[in-house]
Amino acid sequence: MRESILTIPVSEIFEPKCGCPICTMRDMLEQRTVDYIMGAAMMEPDVRIETNKQGFCKTHFEQMRACKNRLSLALMLQTHLQTLDKEIFSRKSIFEGKTAKQKKVSVINNDCFVCNKIEWGMSRLMVTTLELFSKQADFRKLFAEQEMLCLPHYDLLVSMSESVDKASRSAFIDCCNSLVKKQLDLLIEDVSHYCNMYDYRNSGKDGDWKNSKDSIERAIKFLTTR
């Protein structure tokens, strides 16, 4: 797969300052990969070799199925199924675990072309994000002005921050902590208010729900990214 497909200017993702920028980054990678695989990629032999071996997870099968070009999906399924037919009964390499811990786990049942490309692209974009934060004051300011970070991507960023110098890492973690704390405080307030609105003293058509009506959905997204 051409690297240019997954090339996204990091600063442009952070500019809107809306939601978790890392979620936006991941969603863009996912959409670009799905668009690519459902477009010209169906005629690229090297891509078909990869998809024949890796297959797709249910989430991305459904996402591709929702695209207009169902022929692309059918063609990929055709050769993927044919590959399975040659190897499934002999338990060849596509059924062998990738690591010692996965010896009893079939790779073909736990692999996805789109997921792998997202992971590949994210690892590189995370490195770029950390480099920008450590070297550019404008980007540090832009990062600090974000609306929030979701919990999984907060964990990802902090775990990867060891790659930068000590001073930049400390400032980076402080910034991440601040964004998460801000969102966590807001969610606690809104979810608590939502619960309180079910008290009979607050019921009635004139009850003020404030910003709590979608607090359950926002809390789930914060905790899981989706």
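The values are calculated or read from the model by the stated rules, or taken from the named source; none is laboratory data. None of the values given here were measured: they were computed from a predicted structure. Here Cβ is always computed from backbone atoms with ideal geometry, including for glycine, and neighbour counts include all displayed protein chains. The protein model used for the area step is the full one, side chains on, heavy atoms only, and it has no ligands, DNA or RNA in it. Shrake-Rupley method; radii C 1.70, N 1.55, O 1.52, S 1.80 Å.
Some points to look at:
- Any hit, segment 174-183, residues being polar (S, T, N, Q), buried (at least 17 other Cβ atoms within 10 Å of the Cβ) and assigned to a helix (DSSP H, G or I): yes
- Any chance Glu62 is open to solvent by 60 Å² or more (accessible area, probe 1.4 Å) and either at pLDDT 95 or above or in contact with a Ser or Thr (Cβ under 8 Å, 6 or more places away or on another chain) (or both): yes
- Selection status of Lys17, open to solvent by 50 Å² or more (accessible area, probe 1.4 Å), among the basic types (Lys, Arg) and either on the phi > 0 side of the Ramachandran plot or touching a residue at least 24 places away in the same chain (Cβ under 8 Å) (or both): yes
- Counted residues, segment 121-168 - those being open to solvent by 80 Å² or more (accessible area, probe 1.4 Å), under 28 Å from Leu186 (Cβ atoms) and assigned to a helix (DSSP H, G or I): 4
- Test: residue in segment 60-71 that is more than 22 Å from the chain's Cα centre (by Cα) and hydrophobic (A, V, I, L, M, F, W, C): yes
- Single unsatisfied condition, Ser170 versus (1) closer than 22 Å to Met25 by Cβ; (2) modelled with pLDDT of 95 or more: (1)
- Scanning segment 179-199 for residues that are polar (S, T, N, Q) and either more than 12 Å from Phe222 (Cα to Cα) or at pLDDT below 95 (or both) yields Ser192, Asn196.
- Residues of segment 145-176 that turn out to be in contact (Cβ under 8 Å) with a residue 12 or more places away in the chain and under 22 Å from the mean Cα position of the chain (by Cα), as a count: 20
- Out of Met28, Met76, sole residue that is at pLDDT below 95, farther than 30 Å from Phe143 by Cα and among the hydrophobic types (A, V, I, L, M, F, W, C): Met76
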